[in-house]
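> This is the structure I have questions about; it appears just below.
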Amino acid sequence: MFAKRFFIQENFFLMGLGVFCIGFLLQSIGIPYLSARFPRLVALFALVLILWLLAGRAVKAARSAGASEAPAAAADAHEENHEAAPAKPGKTIYWGTMWLLSLLYPGLMLIVGFPIATFTYLFGIGRLMAYSWKKGLAFSLIYSAITVAVFQYFLNVPLPIGMLWEMALGL
């Protein structure tokens, strides 16, 4: 039952993201072409992927609905048994905590800056996904460093340094 509810919820999130992409594409009509070329490409690519995922899921649901009742009953029995089994330690993802971290990340970015907020966010998510401390630290540090290097130094995109660093450096 949980899997079906999650599947439906995930489809609604995908549809919401698709509506956001369509809205952005419609709103960007008045923006000069060169100014909005990259965001338009990203929105268009995301929209194509979303439509592909939703179409694939619809086809899969239609195929499984056409199956006989006996396999469906066996699948329901398997699902009920799967739900009754306790989760193994390290295999459970705490969705509420992940959503909370994702919502706090932009605020943390404004306070401590992009590099530290990204490192903290990735390390927290890694720990929730049961990565070891060493793997979590290594992944978070390497990914944050590469992201900062690419955006700030190669693409010359200014990243937020955070209010604490601004006060400390007197900017």
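The values are calculated or read from the model by the stated rules, or taken from the named source; none is laboratory data. If you're wondering where the values come from, they're calculated on a predicted model, not measured in any experiment. No Cβ is skipped: glycine too gets one built from the backbone with ideal geometry, and neighbour counts run over all protein chains shown.
> Could you please tell me which pairs satisfy a Cβ distance under 8 Å, a separation of 6+ or placement on different chains, a first residue in the range 43-63 that is under 17 Å from GLY16 (Cα atoms), and a second residue that is surrounded by 10 or more Cβ atoms within 10 Å (Cβ to Cβ) and among the hydroxyl-bearing types (Ser, Thr, Tyr)?
Pairs found: ALA43/SER28.
> Sticking with this one: Tell me whether the range 76-84 contains one or more residues that are at pLDDT 65 or above and aliphatic (A, V, I, L, M).
Scanning the range 76-84, I find no residue that is at pLDDT 65 or above and aliphatic (A, V, I, L, M), so the answer is no.
> Let me ask you something else. Could you list, in sequence order, all residues of the range 136-171 that are of a type outside the set (Val, Ile, Thr), free of Cβ contacts under 8 Å to residues at least 12 places away in the same chain and either closer than 18 Å to LEU101 by Cβ or not in a helix (DSSP H, G or I) (or both)?
Hits for the range 136-171 are LEU155, ASN156, PRO158, GLY170, LEU171.
> Can you tell me which residues in the range 25-61 are among the small types (Gly, Ala, Ser) and either farther than 19 Å from PHE12 by Cα or loosely packed, with under 13 Cβ neighbours inside 10 Å (or both)?
SER28, GLY30, SER35, ALA36, ALA55, GLY56, ALA58, ALA61
> Please go through the range 89-106 and give me each residue that is modelled with pLDDT of 85 or more and touching a helix residue (DSSP H, G or I) at 6+ places or on another chain (Cβ under 9 Å), ordered by number.
Listed by number, the residues that qualify are LEU104, TYR105, PRO106.
> Please verify whether the range 107-114 includes one or more residues that are under 19 Å from ALA138 (Cα atoms), in the same structural domain as PRO158 (by TED's automatic domain parsing) and either at pLDDT below 90 or out of contact with any helix residue (DSSP H, G or I) (no Cβ under 9 Å at 6 or more places or on another chain) (or both).
Yes; the residues of the range 107-114 include at least one that is under 19 Å from ALA138 (Cα atoms), in the same structural domain as PRO158 (by TED's automatic domain parsing) and either at pLDDT below 90 or out of contact with any helix residue (DSSP H, G or I) (no Cβ under 9 Å at 6 or more places or on another chain) (or both).
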